[in-house]
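Every read-out reported here was derived from the displayed coordinates using simple, explicitly stated rules and does not represent laboratory data. Bear in mind that the values here come from a model prediction, so they are computed numbers and not experimental data. Heads up, the Cβs are rebuilt from the backbone with ideal geometry, glycines too, and the neighbour counts pull from every protein chain shown.
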Amino acid sequence: MEARAGDGARALLRVLRDLPGEVCPEEPLAPHTTFRIGGRAAALYRPPTADALVEAVVRARSHGFPWLLLGGGSKVLVPDRGFPGLVLSTAELRSWREEDGVLVAGAGVPLSRVARWGGWKLAGIPGTVGGAVTMNAGTRYGSIGEQVLWVRALLPDGRVRTFAPVECGFAYRDSLFRRLRLPVLSVALRPDRRGDLAPLLAERARTQPLDLPSAGCVFRNPPGQSAGWLIDQAGLKGARIGDAVVSERHANFICNLGHARARDVLELVDLVQDRVVSRFGVRLRLELEVVGA
Ligand code: EPU
């Protein structure tokens, strides 16, 4: 494997060689994203423990490799050229502990499991706990930040720190961890209202194009407005570039019809932004994380 890898991959394999778990050189990233778009990473590493993740980030930093944390891959657009550094997947960080009604979950725990445990409002949101906390994922019924008791995250100097809720800087689809790019390692949550998830899941399936690969809502809702409504009213449903299309079911979704490239999606994003500005004077901001932007 190493013999076929490029220079960046070989150097990364060397730097990470004694760490536990799997390092995959030249790994295609499209299968790791819900959009099913994107080129290869120089290497992808799935650390089996939070300590291994911390060590990998510290080494990547000290050797000057670009690095990127990937959770469920549900809100990212990876460029067609890929990522010239280390992608760290939290897929193996699935620790799960309940104590006195409090859940302590590893960053890689699927959010759907938390929704069933005690996060009614999170029903139907894809992705992982770490990604959800980083972007304060939510629905119109609330966001995950409201349930957070503490977050353990990695600081730029390599230390791990526990953040109290007031220190997390939660805002609409935003947090300190997103702004400062601090990898979330684990999270303590209190349960939210428990309830039947089925009606929420059914509403999602009725109003959102869940049958095609996408990254969910592409744009943030401007204060007091709905991005989906604005895009719809600008006549953009069905607008298509390559295999990227503005969904007919929910206009804030861009779907991959099969072979969409990141470039197609970005051109469609520009088109939507331009049309909505000229029609309503509102500049839509991306909720989607564009890697390398
Ligand atoms: N609307 C249209 N046309 C469309 C889509 C929506 O007219 O194509 C109208 C709807 O009729 C409704 C309004 O816009 O009156 C709001 O639409 P919706 O109820 O679907 O909610 P949303 O604000 O578009 C938000 C979240 C979704 C989340 C839903 C349900 C954002 C950007 N979006 O959507 O989150 O699933 O509420 O709680 O906050 C995501 O973040 O990926 C996502 C899908």
Net lengthening on full extension, residue 283/residue 248 (0.36 nm per residue, minus Cα-Cα): 10.5 nm
Radius, Kirkwood style, for the chain when every pair of distinct Cα atoms is counted (Å): 19.8 Å
Low-density loop positions, trypsin sites (Lys or Arg not before Pro), the range 82-152 - DSSP coil, at most 10 other Cβ in 10 Å: 140
For the range 23-39, 3J(HN,Hα) per residue [Karplus equation, 6.51 cos²θ - 1.76 cosθ + 1.60, θ = phi - 60°, Hz, x = Gly/Pro]: 10, 10, x, 6, 7, x, 8, 3, x, 8, 10, 6, 6, 6, 10, x, x
Estimated vicinal HN-Hα couplings, Hz - the range 221-228 in sequence order (Karplus 6.51, -1.76, 1.60; Gly, Pro = x): 6, x, x, x, 10, 10, 4, x
Among 28-40, 196-208, the order from most to least packed when residues are scored by Cβ within 10 Å on average: 28-40, 196-208
Estimated FRET transfer efficiency (residue 171, residue 141; beta-carbon r; R0 22 Å; 0.05): 0.80
Within the range 52-168, percent of DSSP bridges classed antiparallel, to nearest 5: 75 percent
Per DSSP, loop GluC sites (Glu not before Pro) in the range 89-120 with at most 12 further Cβ within 10 Å: none
Extension reserve of the residue 17-residue 49 stretch, reckoned as 0.36 nm per residue once the Cα distance is removed: 10.0 nm
Helical segments meeting 24 Å axial Cα length and Kyte-Doolittle 0.0 threshold in the chain (DSSP H): 262-280
Amide proton proximity set for residue 69, modelled H, under 5 Å, gap of 5+: 88
The range 1-149: proportion of alpha-carbon pairs further apart than 27 angstrom, %: 27 percent
Long-range amide H partners of residue 287 with built H, under 5 Å: 219, 220
Residue 198/residue 95 FRET efficiency (R0 41 Å; Cβ-Cβ; nearest 0.05): 0.90
Lys, Arg +1 and Asp, Glu -1 on Cβ, resulting dipole of the chain about Cα centre, debye, nearest 20: 340 debye
Residue 259 paired with residue 162, simple spin-label distance in nm, labels 7 Å along Cα-to-beta-carbon: 5.3 nm
Note, ³J(HN,Hα) from phi for the range 149-155, Karplus 6.51, -1.76, 1.60, rounded to Hz, x at Gly and Pro: 9, 7, 10, 9, 9, 8, 8
Average silhouette area of the range 2-89, convex hull of alpha-carbon atoms, in square nanometres: 5.2 nm²
